[in-house]
Every structure is written in structure tokens, then in C-alpha cells.
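**Student:** Take this structure first; my questions come after.
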Amino acid sequence: MELRLVRLLVLLGVAAFSPPPATFARVAGSRPRASADDDVDAPESYEAVCAGPPARLDAFLAAQFPERTRREWAEAIGGGAVRVNGAVATRKSASVAAGDGVAADAFAAEPAGDKPVEAEDLPLDVLVDDASFLVVNKAAGMVTHPAPGARRGTLANAVAHRCGGGGVFAEATPRPGIVHRLDRYTSGAIVVARNARATRRLQAQFKARTVAKLYLAVLARPPPPPPDGADELVIDAPIGRHPARREKMAVVPGGRPAVSRVRVLASDGRRCVAQVAIDTGRTHQIRVHLAHVGSPVLGDPVYGDAQANARAAAAFAANRTLLHAWRLAFDHPDSGARVEVTAPPPPDLARATAVVAGRDG
């Protein structure tokens with residue numbers, strides 16, 4: 001499947017890490033403020049799309065997120081912390097069916113303690129192993145760093161084991177070496193620093209917005225066409241907390257500046273495959289921006305289209321947000337040389353891409 005996807009991307013003209021200059025260029029007059037991004041500090045939440053037979057809500061959540069017991073999930077449902085297709089669920093015995101999007105708030109904060117992150121021997125797809133950093137192809141479903149409800153099994157736990165538990169991984173912090181973050185259900189390339197100097201220098205690059213980030217997404221509908229003469233759609237819309245549902249983000253007046261650049265790679269007339277470059281790193285930025293223009297990411301239980309998600313679950317067993325951090329480019333924290341990394345998409349996204357592009361045979 002991975003080889004077929006590479007061939008597909010070659011046919012689409014995007015296999016080399018050399019996106020058109022406009023992809024990562026700033027738009028005159030709309031450059032975001034040089035402030036720290038949101039993607040490290042935002043709390044984790046729980047999101048899933050049912051892709052199988054109907055199931056009880058509490059049982060479905062316990063199966064999807066075994067770090068919490070079925071009893072804990074039942075209590076969360078009773079406390080109004082769980083939503084199905086955007087509506088608050090009140091019964092633990094409620095049934096969820098294929099295509100239903102289920103989301104839950106992060107659990108109440110737990111004491112962070114003063115211990116280093118526990119090293120765990122977990123599967124880790126390392127793309128670059130450098131003395132100063134690692135670039136990992138994060139699996140969908142893996143939390144980036146320990147947070148309430150996810151103290152173990154995270155990327156930080158796995159990297160601490162890979163690096164022997166020394167250096168920054170011996171410090172009493174839940175986020176050793178973490179300089180940016182991917183949502184739990186977003187797969188793909190993420191860089192993790194191995195020492196304090198690399199941490200500082202990589203953080204500075206993210207703050208200065210010199211890191212290039214390119215994502216691959218499968219969308220429920222093609223986005224509006226770009227203006228005449230343009231080869232990409234620029235979404236320049238501020239993002240902040242949703243005014244009514246504080247667990248969500250939204251495009252709101254007075255929100256933090258956010259810019260996303262969207263280029264459609266292939267479409268079957270209903271759905272499309274797109275590459276998205278982001279100039280900022282706001283919480284849920286790509287998902288919010290694409291939903292804002294009427295083209296939500298397939299499989300997204302929070303910002304997505306329930307009917308489109310149900311069709312995607314039936315067509316290619318999509319049970320998560322089909323968003324992948326495809327390419328990452330930054331300056332080496334020691335030499336200054338440009339580092340460019342491509343993360344092969346996982347099987348679920350590769351399968352969906354091939355189906356939408358009409359090259360699944």
C-alpha cells in the first residue's frame with residue numbers, strides 16, 4: 001500500500017519535498033504575530049468515530065480508550081462530559097452506530113508530580129535519529145506527551161526509552177524535548193529534542209515561524225476554488241474558543257491570527273485529497289479552518305459531517321480524523337543546515353487517498 005501511495009503522489013506531482021513557492025510563502029499584510037503557538041499547551045481530549053457494529057456508549061469508549069475504565073466512562077457520561085454527534089449524551093446505555101462521532105472532554109487535572117517521564121518500550125517509527133533530535137512518524141491514537149487521562153503510552157514515554165532516559169528526559173517535566181504537538185488522532189512527522197540546547201533552538205524556530213509544516217488530508221467535500229490565478233486557497237481567519245462550547249475551537253472575531261493554505265490534489269467529485277500548509281499552529285487549526293469553509297476533514301467527530309463520516313466508515317473503515325503531518329522542514333539546531341523530512345502516511349489514510357483518487361486497484 002505504501003509503494004502504491006508513493007506512485008500515486010508522483011502522478012499527482014507532489015512526491016518530492018519541493019512544494020510550489022507559494023505554499024510556504026507569507027501573504028503580504030497578513031503575517032501572524034510572532035507569538036508562541038497553541039499546539040503544545042492545549043489539553044488533550046478524546047475523539048473517535050464508530051466504524052463497527054452498534055455498541056453501548058460506555059462500552060465503546062472503554063474499548064477505544066482502555067486507559068480509563070468503563071465505570072469512569074459511565075461517570076463521565078453522567079457528568080455531561082461526553083457528546084455524540086455534537087449533542088451531550090446523558091445515558092451510558094445509549095447506542096452508537098457506524099459513522100457516529102464521539103467526543104469527550106479531558107479528565108480533571110491530576111497532580112503532575114515531580115518525577116521524570118517514565119520510559120516505556122513502545123513501537124516507534126523513527127524517521128531521523130540525530131544526536132540532537134529525533135523525527136518520529138507518530139501513530140494515530142498516540143498522545144504526544146503525558147496529560148490528565150494519559151500518563152503512559154505517550155510519544156514522550158517512548159522517546160525517553162529510545163534515548164536512554166538521560167538528558168532532558170531525566171528532568172521533572174511531563175514534556176521533555178517536546179517543542180510542538182500533534183493531536184492524538186493526527187499521524188505523522190514530529191520532531192523531539194534530545195537536549196536542552198536543541199530544545200531552545202527548535203522552540204525559537206517555531207516561535208519565529210521558520211518551520212515548514214505540510215499536511216495531507218482527506219476532505220468530505222472539495223473546498224471553494226481559489227481566486228482567479230491562484231493555485232491554492234488561503235484561509236486567513238482568527239481562531240479562538242467556541243463561544244457556546246468551550247471544549248471546541250472556532251473562527252471568532254478577536255481570535256488569534258491563523259493562516260492555512262489548501263491545495264486540492266485529487267477528487268472523486270464528492271470527496272477530495274488536499275495538502276494543507278500552515279503558517280501558525282493554533283489548536284485544531286486545520287480542522288477548524290476546513291470546517292469553516294464547508295470542507296471538514298473526513299472522520300472528524302468534533303468538526304466533521306456525521307453523514308460523510310458514516311459513508312467514509314463504510315467505504316474505507318475510517319474511524320479517526322484523516323489528517324497526517326506529511327512533511328516537516330526546519331534548521332538543524334547545531335549546524336543550521338535545512339532538514340527536510342517526509343512521513344509516509346499510514347494504511348488507513350493511504351487507502352482513503354487511493355479510493356478518492358480513483359487509483360485503488
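**Student:** If you go through the stretch 265-272 one residue at a time, do you hit one that is within 26 Å of Val88 (Cα to Cα), surrounded by 15 or more Cβ atoms within 10 Å (Cβ to Cβ), among the basic types (Lys, Arg) and touching a residue at least 12 places away in the same chain (Cβ under 8 Å)?
**Tutor:** No; the residues of the stretch 265-272 include none that is within 26 Å of Val88 (Cα to Cα), surrounded by 15 or more Cβ atoms within 10 Å (Cβ to Cβ), among the basic types (Lys, Arg) and touching a residue at least 12 places away in the same chain (Cβ under 8 Å).
**Student:** Something else about it: Yes or no: the stretch 182-191 includes at least one residue that is on the phi > 0 side of the Ramachandran plot and surrounded by 23 or more Cβ atoms within 10 Å (Cβ to Cβ).
**Tutor:** yes
**Student:** A further question on this structure: Would you mention how many residues in the stretch 201-247 are of a type in the set (A, V, I, L, M) and in contact with an Asp or Glu (Cβ under 6 Å, 6 or more places away or on another chain)?
**Tutor:** Count: 1.
Read the figures in this text as sums done on the coordinates, not as results from a lab. What you are looking at is a predicted structure, and each value in this text was computed from that prediction instead of being measured. Cβ: placed from backbone, ideal geometry, glycine included. Neighbour counts: every protein chain shown.
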